[in-house]
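K.L.:
First the structure, which I've put down as structure tokens, then a few questions once you've had a look.
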């Protein structure tokens, strides 16, 4: 079970603000993605490694919770925890937290990811190096083992179809 905390300071930039001078929703997501990429790179899993192993990462779902407003020039901190992992190691869910300068949580996001074999275009278990890195991460207090039903927990109208009017085709 992992114990290594991965916490980094950061600030949102001017171009992260929306027209209401709030931090845009997508800017929070970008901060979380950037932290994951930094975590990989800091552990020797860079673009060259991914290319050599024909691997990529696929985001399957993201759920965001905005807890309190962030001021654009505020010093913030972001971390990552492993929230869930499937027995076959193919699916994993991360919990990201953004904290204010006084340590209060201002944003939370969980993200379900999978590893893809880019050449075969199919989901695969991560390499031993990636698995070892994931295993080093601290576990969220809600850590669980993912099962197939977890991949479809939220309502998605999978069987919904529509007729597209000719005038907009």
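K.L.:
At 0.36 nm per residue, and after removing the present C-alpha to C-alpha distance, how many nm does the segment from residue 122 to residue 68 gain when stretched out fully?
P.N.:
Working: separation 54, 0.36 × 54 = 19.44 nm, distance 3.87 nm.
Difference between extended and current length: 15.6 nm.
K.L.:
Separate question: How much of the DSSP bridge set in the chain is antiparallel, in percent, rounded to the nearest 5? Spell out each step's value before the answer.
P.N.:
Numbers: 37 of 42 bridges.
Rounded to the nearest five, the antiparallel share is 90 percent.
K.L.:
OK, next. Between residue 151 and residue 24, what is the spin-label point distance in nm, taking each point 7 Å from the Cα along the Cα→C-beta axis?
P.N.:
3.2
K.L.:
Take the Cβ-Cβ distance between residue 42 and residue 168 as r, set R0 to 45 Å, and report the resulting FRET efficiency rounded to the nearest 0.05. Numbers along the way, then the final one.
P.N.:
Values: r = 47 Å, r/R0 = 1.05.
With R0 = 45 Å, the Cβ-Cβ based efficiency is 0.45.
K.L.:
Counting only helical runs of four or more DSSP H residues, what would the 222 nm mean residue ellipticity of the chain come to if each run contributes -39,500 (n - 2.57) and the total is spread over all its residues?
P.N.:
Working: 3 runs with 33 residues, N = 169.
Value at 222 nm, helices only, nearest 500: -6000 deg cm²/dmol.
K.L.:
Using every pair of alpha-carbon atoms in the chain, split the distances into 10 Å bins beginning at 0 and state the percent of pairs per bin, rounded to integers.
P.N.:
Calculated over all Cα pairs of the chain, the distribution is 9, 33, 31, 20, 6, 1 percent.
K.L.:
Further question: How high is the relative contact order of the stretch 6-168, given as a whole-number percent (alpha carbon pairs under 8 Å, six or more residues apart)? Present the calculation step by step, with values, prior to reporting the outcome.
P.N.:
Numbers: 250 pairs, mean separation 38.0, N = 163.
With pairs under 8 Å counted, the relative contact order is 23 percent.
K.L.:
If I take all pairs of Cα atoms in the stretch 72-158, what percentage of them are more than 15 Å from each other?
P.N.:
Numbers: 2458 of 3741 pairs.
It works out to 66 percent of all Cα pairs.
K.L.:
Could you list the residues of the stretch 86-110 with an amide nitrogen less than 20 Å from a label point located 7 Å from the Cα of residue 144 in the Cα-to-C-beta direction?
P.N.:
86-97, 108-110
K.L.:
Can I ask one more? From Cα pairs below 8 angstrom and at least 6 apart in sequence, can you work out the relative contact order of the stretch 42-114, rounded to a whole percent? Before the final figure, lay out each step's value.
P.N.:
Numbers: 121 pairs, mean separation 26.2, N = 73.
That works out to 36 percent.
K.L.:
Out of 143, 92, 49, any idea which swings most in a Gaussian network model of the chain, alpha carbons joined below 10 Å?
P.N.:
Sorting by GNM fluctuation, first place goes to 49.
Readers should treat all values here as calculations from the given coordinates under stated rules, not as data from a laboratory. None of the values given here were measured: they were computed from a predicted structure. All Cβ positions, glycine included, derive from the backbone under ideal geometry; neighbour counts span all protein chains shown.
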